[in-house]
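No lab work stands behind these numbers, since they all come straight from the coordinates. None of the values given here were measured: they were computed from a predicted structure. Heads up, the Cβs are rebuilt from the backbone with ideal geometry, glycines too, and the neighbour counts pull from every protein chain shown.
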Amino acid sequence: MAYRGRRPLRAATIDAAGDHRIALAGAVAGTVLPGTVIRGFEAAEVSFPGFLDLLEGAAS
């Protein structure tokens, strides 16, 4: 499925607001949108410890 919005996607600062799902989704988006910043990413470590290591391994 492709993104077909009116505007191109771009990096952003995302506030996870304590929600691990937002933090994880933002990290995945950040793999194709360099410069993406996720505030409150520690919420993801509660539900998926080691996620960033796994994601970095998949991206390389």
(request) Please list, ordered by first then second residue, the pairs with beta carbon atoms under 9 Å, 6 or more apart or interchain, first in region 1-20 and within 16 Å of residue 36 (Cα to Cα), second surrounded by fewer than 10 Cβ atoms within 10 Å (Cβ to Cβ). (result) 9/3; 10/35; 11/34; 11/35; 12/35
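Limited to region 7-60, what total is found for residues that are polar (S, T, N, Q) and either on the phi > 0 side of the Ramachandran plot or surrounded by 15 or more Cβ atoms within 10 Å (Cβ to Cβ) (or both)?
Pass one, region 7-60, residues polar (S, T, N, Q): 13, 31, 36, 47, 60.
If we keep only those that are either on the phi > 0 side of the Ramachandran plot or surrounded by 15 or more Cβ atoms within 10 Å (Cβ to Cβ) (or both) too, we end up with 36.
The number of residues fulfilling the criteria is 1.
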(request) Mind listing whichever residues of region 1-19 are basic (Lys, Arg) and either in contact with an Asp or Glu (Cβ under 7 Å, 6 or more places away or on another chain) or closer than 13 Å to residue 29 by Cα (or both)? (result) 10
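Which residues, counting only those in region 28-45, are part of a strand (DSSP E or B) and among the charged types (D, E, K, R)? Steps first, answer last, please.
The initial filter retains those residues of region 28-45 that are part of a strand (DSSP E or B), namely 37-39.
Within region 28-45, 39 is the sole residue that qualifies.
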(request) Can you confirm whether region 17-27 contains a residue that is among the charged types (D, E, K, R) and in a loop (DSSP other than H, G, I, E, B)? (result) yes
(message) If I filter region 39-48 for residues that are more than 22 Å from residue 2 (Cβ to Cβ) and touching a Ser or Thr at 6+ places or on another chain (Cβ under 9 Å), do I get at least one hit?
(response) yes
